[in-house]
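Report on the following structure.
The values are calculated or read from the model by the stated rules, or taken from the named source; none is laboratory data. From a predicted model like this one, the values you see are computed outputs, not experimental measurements. Neighbour counts are summed over all protein chains in view; Cβ atoms, including those assigned to glycine, are modelled from backbone coordinates with ideal geometry. Accessible surface is based on the protein model in full, side chains and every heavy atom, while ligands, DNA and RNA are left aside. Shrake-Rupley method; radii C 1.70, N 1.55, O 1.52, S 1.80 Å.
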Amino acid sequence: MSSIAYSRSKKIAMRKHLYPLLLFIPILSFADEVEEEIEADAVMPSISSENFCETGKPHPIDIWFETAMDKIEGVTVNIRNVQGEAYSRWGNEMNRIFNELIKKFNKEEKKALNNAQQAWILFSNAEAELWWSDAVYGGIGGTLAPIIVSGEGLELLRQRACTLLKYNKL
């Protein structure tokens with residue numbers, strides 16, 4: 001294993017283990033620098049980007065995201081900008097896969113796929129509403145909650161793209 005791959009693997013493993021712990025860290029009066037460092041670690045996808053959707057390789061969007069996150073030095077506005085761009089890229093990727101998939105389907109299958117996609121959109125909107133509730137991440141407050149919620153949304157969108165990709169390979 002190359003030192004770059006080992007370093008990347010170690011970084012991803014560390015983020016996977018730190019992410020759940022971040023939910024229990026009270027955000028009281030930490031210095032801005034400490035909070036920004038925590039925020040930078042909180043937004044990484046929970047699924048290893050080294051193996052997107054059982055392909056055995058990372059997805060180009062994941063590579064871009066990790067590279068961009070490594071360059072922003074934990075600055076909140078930059079984290080939000082990178083997350084927004086990643087969300088846009090994953091949305092485009094999901095739509096590209098969906099459009100590829102629907103071309104293969106007959107009329108009934110197209111209707112079923114459209115119904116499933118509309119239900120997924122409703123589900124993802126309901127999840128976002130739940131994430132913003134005080135019972136989940138909304139009660140955290142400060143600049144950390146939007147970053148965590150955005151990270152959850154990114155992962156949900158990424159998972160949907162993977163699901164559609166799997167359908168496309170059947």
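Counting residues in segment 147-159 that are of a type outside the set (Asp, Glu), over 30 Å from Asp70 (Cβ atoms), in contact with a helix residue (DSSP H, G or I) (Cβ under 7 Å, 6 or more places away or on another chain) and at pLDDT below 95 gives zero. No other residue among Lys110, Lys57 is of a type in the set (Lys, Arg), closer than 23 Å to Leu164 by Cα and modelled with pLDDT under 95 apart from Lys57. Which one is most open to solvent (accessible area, probe 1.4 Å) among residues in segment 99-132 that are in contact with a helix residue (DSSP H, G or I) (Cβ under 9 Å, 6 or more places away or on another chain) and outside any helix (DSSP H, G or I)? Only one residue fits best here, namely Lys104.
The set of residues from segment 66-93 being over 20 Å from Thr163 (Cα atoms), in a helix (DSSP H, G or I) and either of a type in the set (Ser, Thr, Tyr) or open to solvent by less than 30 Å² (accessible area, probe 1.4 Å) (or both) comprises Glu66, Thr67, Ala68, Met69, Thr76, Ile79, Val82, Gln83. In summary, Ala135 fulfils each of the numbered conditions (1) open to solvent by 50 Å² or more (accessible area, probe 1.4 Å); (2) in contact (Cβ under 8 Å) with a residue 12 or more places away in the chain with the single exception of condition (2). Scanning segment 138-170 for residues that are of a type outside the set (A, V, I, L, M), over 20 Å from Arg89 (Cα atoms) and open to solvent by less than 30 Å² (accessible area, probe 1.4 Å) gives Gly138, Gly141. Of all residue pairs spaced 6 or more apart or on separate chains, none has beta-carbon atoms under 9 Å together with a first member in segment 152-170 that is within 14 Å of His59 (Cα to Cα) and a second member that is buried (at least 21 other Cβ atoms within 10 Å of the Cβ) and of a type in the set (Lys, Arg).
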